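**Student:** Below you will find the structure I want to go over with you.
The values are calculated or read from the model by the stated rules, or taken from the named source; none is laboratory data. All values reported here derive from a predicted model rather than from experimental measurement. Note that we place each Cβ from the backbone using ideal geometry, even for glycine, and neighbour counts take in every protein chain shown.
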Amino acid sequence: MRIKTVIERTVKVDSKVRNARVDLGQMTVSAVAVVTDVHGDGGSITGFAFNSFGRYGCGGPLRDRFIPRLLALEPADLLDPAGTNVDPGRILAALLTREKAAGHAERSMALGTLELALWDVVAKVERRPLYQVLADRFGGGAATLPGDIPTYAAGGFYGNADEVPAVGATVAGWRDAGFVDAKIKAGGGDLGLDCRRIEAARAAQPPGGRLALDLSCAFDAASGVQFAQAVKPYDPWFLEEPCDPLDFEGYHAVAQTGCRIAGGENLFAAREFDNFLRYGRLGPGVVLEPDPALAYGVTGLREIVAVAQAHGLSKAAIYPHGGNMMSLHIVAGLGLAGLEAYPGQFGIFGGFSREIDIRDGRASLPSAPGIGFEEQPALFALFDEMARSA
């Protein structure tokens, strides 16, 4: 078994929204197709992945460093001990051999995207959904798998002509689509506007629904504390990223208001999560939100889980970022708490496959082998064109 070629494509994301700090209108995504010499039902088995949302495409490091290194590896560096499948963890280690320590974001996205595409290959060779493969290897086996996954809807961006009714209509649409819990953007307007948006979202939720606020690193310590105190009467499920991810004292100050804190979307390696938990001192209620494609893939997520557990947290504290099929498989396979979804956002890259049903705030699990991008027709059209161009 060998890898014949790897195709990378940087694609503009269809997004006209903004969070508290950033206009996402120019956002791009890097998609990859890893083509092997193993034949399946539809030709050469090919693994697909993309580098999630919120960060621009990483085509430079992919094209200039990591794809050439991957194609130069000897078979002994590619395969598992049985010699019948690729070994993503082993390949990741080989691709890192010429890399200096730290500076994770400069490479973690490119490598995480490749690593996930390799897991897509692994599961397709085994003719099983990826979550089943991960459960057998890392999560306690198939007997531990749930039938569905807790999933909350995320979005509620700024950028509408009339913000308050728009966010209410958005959350009502999520409710009608089967979601219970929700997360909207906040911190990007004056406090009065944000409170009215929160009230509109709350009014549109089903009974028992929790509402989280994504602050997109909008505040310093003092303004973050002021905002947290102002919204605390609304009983937010959690406040996500109130401060810069490396402002540990700011996070600690906001946590002292008694609001639950979430973070991790903009951390890219286990060591960064260790620092976040060690110096942020956020208490046992913290929510961690690593994004697999941005943080060295499955291998990176497993290291982050180990760090969280070393700090006394359980897997129930981890809700991966991403809202895509890659995160869904990892949550199910590793036994994590749940994940977010992005209904109607980010064009062809947003949302789950047509196999997934949302009911009572839970997402069903797919049956397609691999990650299952083949069951996302618009996205798969891109991947298929890439693979055919090889």
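**Student:** Out of ALA94, ALA110, ALA76, report the one residue that is small (Gly, Ala, Ser) and modelled with pLDDT under 95.
**Tutor:** Details: ALA94 fails: modelled with pLDDT under 95; ALA110 fails: modelled with pLDDT under 95.
It is ALA76.
**Student:** Restricting to the range 308-319, and then to whatever is out of contact with any Lys or Arg (no Cβ under 8 Å at 6 or more places or on another chain) and in a loop (DSSP other than H, G, I, E, B), can you tell me which residue is nearest to GLY140 (Cα to Cα)?
**Tutor:** Residue satisfying both the conditions and the ranking: SER314.
**Student:** Could you list, in sequence order, the residues of the range 227-239 that are of a type in the set (A, V, I, L, M) and surrounded by 17 or more Cβ atoms within 10 Å (Cβ to Cβ)?
**Tutor:** ALA228, VAL231, LEU239
**Student:** Which members of the range 178-220 meet the condition of being among the aliphatic types (A, V, I, L, M), buried (at least 17 other Cβ atoms within 10 Å of the Cβ) and in a helix (DSSP H, G or I)?
**Tutor:** Once the filter is applied, which keeps residues that are among the aliphatic types (A, V, I, L, M), buried (at least 17 other Cβ atoms within 10 Å of the Cβ) and in a helix (DSSP H, G or I), the range 178-220 yields ILE198, ALA200, ALA201, ALA204.
**Student:** Any idea which of (1) buried (at least 17 other Cβ atoms within 10 Å of the Cβ); (2) outside any strand (DSSP E or B); (3) at pLDDT 95 or above is the one ALA262 doesn't satisfy?
**Tutor:** Answer for ALA262: the failing condition is (2).
**Student:** State whether one or more residues within the range 44-56 are surrounded by fewer than 14 Cβ atoms within 10 Å (Cβ to Cβ) and not in a helix (DSSP H, G or I). Talk me through it step by step, then tell me what you get.
**Tutor:** Start the filter on the range 44-56 by keeping residues that are surrounded by fewer than 14 Cβ atoms within 10 Å (Cβ to Cβ), which leaves none.
Checked the range 44-56: no residue is surrounded by fewer than 14 Cβ atoms within 10 Å (Cβ to Cβ) and not in a helix (DSSP H, G or I).
**Student:** Going by the structure shown, is LEU336 under 17 Å from PRO129 (Cβ atoms), out of contact with any Pro (no Cβ under 6 Å at 6 or more places or on another chain), part of a loop (DSSP other than H, G, I, E, B) and not charged (D, E, K, R)?
**Tutor:** Working: under 17 Å from PRO129 (Cβ atoms): yes; out of contact with any Pro (no Cβ under 6 Å at 6 or more places or on another chain): yes; part of a loop (DSSP other than H, G, I, E, B): yes; not charged (D, E, K, R): yes.
Yes, satisfied.
Table: residues versus (1) without any contact (Cβ under 8 Å) to a residue 60 or more places away in the chain; (2) within 24 Å of ASP274 (Cβ to Cβ).
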{"position": "TYR56", "(1), (2)": "yes, no"}
{"position": "LEU70", "(1), (2)": "no, no"}
{"position": "ALA76", "(1), (2)": "yes, no"}
{"position": "ALA110", "(1), (2)": "no, yes"}
{"position": "THR113", "(1), (2)": "no, yes"}
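**Student:** May I ask you to list the residues in the range 131-168 that are among the small types (Gly, Ala, Ser) and either within 20 Å of TRP237 (Cα to Cα) or free of Cβ contacts under 8 Å to residues at least 24 places away in the same chain (or both)?
**Tutor:** At the first step, the residues of the range 131-168 found to be among the small types (Gly, Ala, Ser) are 135, 139-143, 147, 153-156, 159, 161, 166, 168.
Residues satisfying the conditions are GLY141, ALA142, ALA143, ALA153, ALA154, GLY155, GLY156, ALA161, ALA166, GLY168.
**Student:** Could you grab me the full set of residues in the range 120-131 that are of a type outside the set (A, V, I, L, M, F, W, C), within 19 Å of the chain's Cα centre (by Cα) and in a helix (DSSP H, G or I)?
**Tutor:** Keep residues of the range 120-131 that are of a type outside the set (A, V, I, L, M, F, W, C), which gives 120, 124, 126-129, 131.
Among the residues that remain, those that are also within 19 Å of the chain's Cα centre (by Cα) are: 120, 129, 131.
Once the filter is applied, which keeps residues that are of a type outside the set (A, V, I, L, M, F, W, C), within 19 Å of the chain's Cα centre (by Cα) and in a helix (DSSP H, G or I), the range 120-131 yields ASP120, TYR131.
**Student:** Next up: Quick one: which of ALA154, ALA166 is farther than 20 Å from VAL286 by Cα and of a type in the set (A, V, I, L, M, F, W, C)? Please lay out each step first, then the result.
**Tutor:** Values: ALA154 fails: farther than 20 Å from VAL286 by Cα.
One residue alone meets the criteria, ALA166.
**Student:** Under 18 Å from ILE330 (Cβ atoms), outside any loop (DSSP other than H, G, I, E, B) and in contact (Cβ under 8 Å) with a residue 60 or more places away in the chain - does that describe any residue in the range 300-307? Steps first, answer last, please.
**Tutor:** Start the filter on the range 300-307 by keeping residues that are under 18 Å from ILE330 (Cβ atoms), which leaves 300-307.
Filter once more, so that each one left must be outside any loop (DSSP other than H, G, I, E, B): 300-307.
This time we only want the ones that are in contact (Cβ under 8 Å) with a residue 60 or more places away in the chain, so: 300, 302.
Checking the range 300-307: at least one residue is under 18 Å from ILE330 (Cβ atoms), outside any loop (DSSP other than H, G, I, E, B) and in contact (Cβ under 8 Å) with a residue 60 or more places away in the chain.
Here is a yes/no grid of residues against (1) hydroxyl-bearing (Ser, Thr, Tyr); (2) over 23 Å from ALA154 (Cα atoms); (3) not assigned by TED's automatic domain parsing to the domain that holds MET109:
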{"residue": "THR299", "(1), (2), (3)": "yes, yes, yes"}
{"residue": "HIS311", "(1), (2), (3)": "no, yes, yes"}
{"residue": "GLY323", "(1), (2), (3)": "no, no, yes"}
{"residue": "GLY333", "(1), (2), (3)": "no, no, yes"}
{"residue": "ALA337", "(1), (2), (3)": "no, no, yes"}
{"residue": "GLU340", "(1), (2), (3)": "no, no, yes"}
{"residue": "ILE358", "(1), (2), (3)": "no, no, yes"}
{"residue": "ALA368", "(1), (2), (3)": "no, yes, yes"}
{"residue": "ASP384", "(1), (2), (3)": "no, yes, no"}
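**Student:** Please verify whether GLY224 is at pLDDT below 95 and either surrounded by fewer than 18 Cβ atoms within 10 Å (Cβ to Cβ) or not in a loop (DSSP other than H, G, I, E, B) (or both), treating the condition exactly as stated.
**Tutor:** On the way: at pLDDT below 95: no; either surrounded by fewer than 18 Cβ atoms within 10 Å (Cβ to Cβ) or not in a loop (DSSP other than H, G, I, E, B) (or both): yes.
Considered against the rule, which asks whether it is at pLDDT below 95 and either surrounded by fewer than 18 Cβ atoms within 10 Å (Cβ to Cβ) or not in a loop (DSSP other than H, G, I, E, B) (or both), GLY224 comes out as no.
**Student:** For ASP120, indicate whether it is charged (D, E, K, R) and buried (at least 20 other Cβ atoms within 10 Å of the Cβ). Break it down stepwise before answering.
**Tutor:** Values: charged (D, E, K, R): yes; buried (at least 20 other Cβ atoms within 10 Å of the Cβ): yes.
It is true that ASP120 is charged (D, E, K, R) and buried (at least 20 other Cβ atoms within 10 Å of the Cβ).
**Student:** Let me ask something else. Within the range 29-43, count every residue that is closer than 16 Å to PHE383 by Cβ and part of a strand (DSSP E or B).
**Tutor:** Residues meeting the conditions: 10.
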